[in-house]
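We did not get these values from a lab; they are worked out from the coordinates using the rules stated. Everything numeric in this text was worked out from a predicted model, so none of it was measured. When we count neighbours, we look across all protein chains shown, and the Cβ atoms used for this are built from the backbone with ideal geometry, even at glycine.
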Amino acid sequence: MIQFPKNFYWGAATSSYQVEGNNANADWWPWEAQAGKERSGLACRHYEFYESDFDLVKSLNHNAHRLSIEWSRIEPREGEFSKEALQHYVNVLMTLRVRGIEPMVTLHHFTNPIWFSESGGWLNPLCVKRFLRYCDFVVRELSRHVHFWFTINEPTVYFSHAYLWGMWPPQEKSIFKMKAVCDYLNDAHIEAYRLIHKIYQEINIAPPAVSIAHHMQAIVGCDQSLKNRFAVAIRRQLYNLQILDYLTRHKALDFIGVNYYSRHLAHAHSWWIGNLLMETCQEKHHPLKKNSLGWDIYPEGLGTVLLDLKDYKLPVIIAENGICTGDDNERWEYIQSHLKNVHLSLQQGVNVTGYLYWSLMDNFEWAHGFGPRFGLINIDYNTQQRTVRDSAKKFAEVCKTGILEVI
Ligand code: FCB
């Protein structure tokens, strides 16, 4: 039996575009059509069904819930801010609060308004100013309901998928553009961090807790060769720690939000910089069970990345951790094995204060469409019926008692 601290945050996460439905003013919307992808369409219709969805959240004993605000609803055309959309999110937050659930709010989760993308997106030198104007509008109104803010979800995943690998809109493939976007996103976070704190000070409420949700993989060498050890060391610094070092140097993190799913098996066949930085093992040297997207399941990696965060001396919230699978037993195994590693890191002195499963419900998994099933709650997309999975019920016991019965 393992016991988690009292006051631990337990819950699940979603993002607006993936669950709300009908986000026709976001850049992903036309892109899905152009790129011939599955359409997000009505998604889970969570924009309409959030109240009953939060009844389920409550029944699952979650005391926290992460969601995102859809910028393209708030500002559908440049400079035109929708009071109605803002009011919707006020209602959403109040619905959580009356159920005793702590909202944790992301301001940018991969999607942008179409007007923003059409005028250069995160490569336009005005991007940070535009993002801050949106943040200002939202945070002023929502500050009374929110303590925890995530400014940007997974900056490293966003800039690499959208600007280096060409996999997401705007499908750029340029290392220089990626670097520019990386710099703008860092600035956007730092400026938003300061703005949010300033607003809380102005209206005289207790200081907020602001972070990013940072994607971290366990970076492991395929073997112990000098090349691979070197590759692991530089990747660990570059992919996992650099952004945190940068943001802490600017005193722009109150806690660290971590999204953890899998490992990255480094195997550099040569000393060429491209291989050192990116080559992974293709030879199934250390096979592991995989989720339905083919990502390795590697629970001990969560322990490793959490231990890497100890030196920052900040509270850590696991803002996402989860599995897509057609076998719900695997989901419960995944949750248990990862929670054991969270517990281990607590014993090692890492100040983990919360765990949010990805995701509350099955949803639109970006370029993969609706195939992958990450949810604690099953969605029947034909009827929009919600069915609570067994894994959700087992997790609900942990949320209620703070105790994981380990076998
Ligand atoms: C993360 C994203 C989240 C979801 C999960 C599976 O990288 O933040 O939106 O797609 O992966």
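In table form, for the structure just shown:
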{"read-out": "All Cα pairs of the chain, percent lying beyond 39 Å", "value": "12"}
{"read-out": "Descending semi-axes in whole angstrom, ellipsoid equivalent of region 206-361, from the Cα gyration tensor", "value": "26, 22, 13"}
{"read-out": "Projected area, mean over directions - region 81-207, Cα convex hull, nm²", "value": "8.1"}
{"read-out": "Region 163-184 versus region 347-383: alpha-carbon centroid distance in Å", "value": "26"}
{"read-out": "For the chain, Cys with no neighbouring Cys Cβ under 4.7 Å", "value": "Cys44, Cys127, Cys135, Cys182, Cys324, Cys399"}
{"read-out": "Kirkwood hydrodynamic radius of region 356-407, from inverse mean 1/r over distinct Cα pairs, in Å", "value": "12.2"}
{"read-out": "Distant alpha-carbon pairs in region 238-305 (separation over 21 angstrom), percent", "value": "44"}
{"read-out": "Residue-averaged 222 nm ellipticity for the chain, from DSSP H runs of 4+ at -39500 (n - 2.57), nearest 500", "value": "-12500 deg cm²/dmol"}
{"read-out": "Proximal charge balance of Ala319 [Cβ under 12 Å; K/R count +1, D/E count -1]", "value": "-1"}
{"read-out": "Distance histogram in 10 Å bins (all Cα pairs of region 292-407, percent per bin)", "value": "13, 43, 32, 12, 1"}
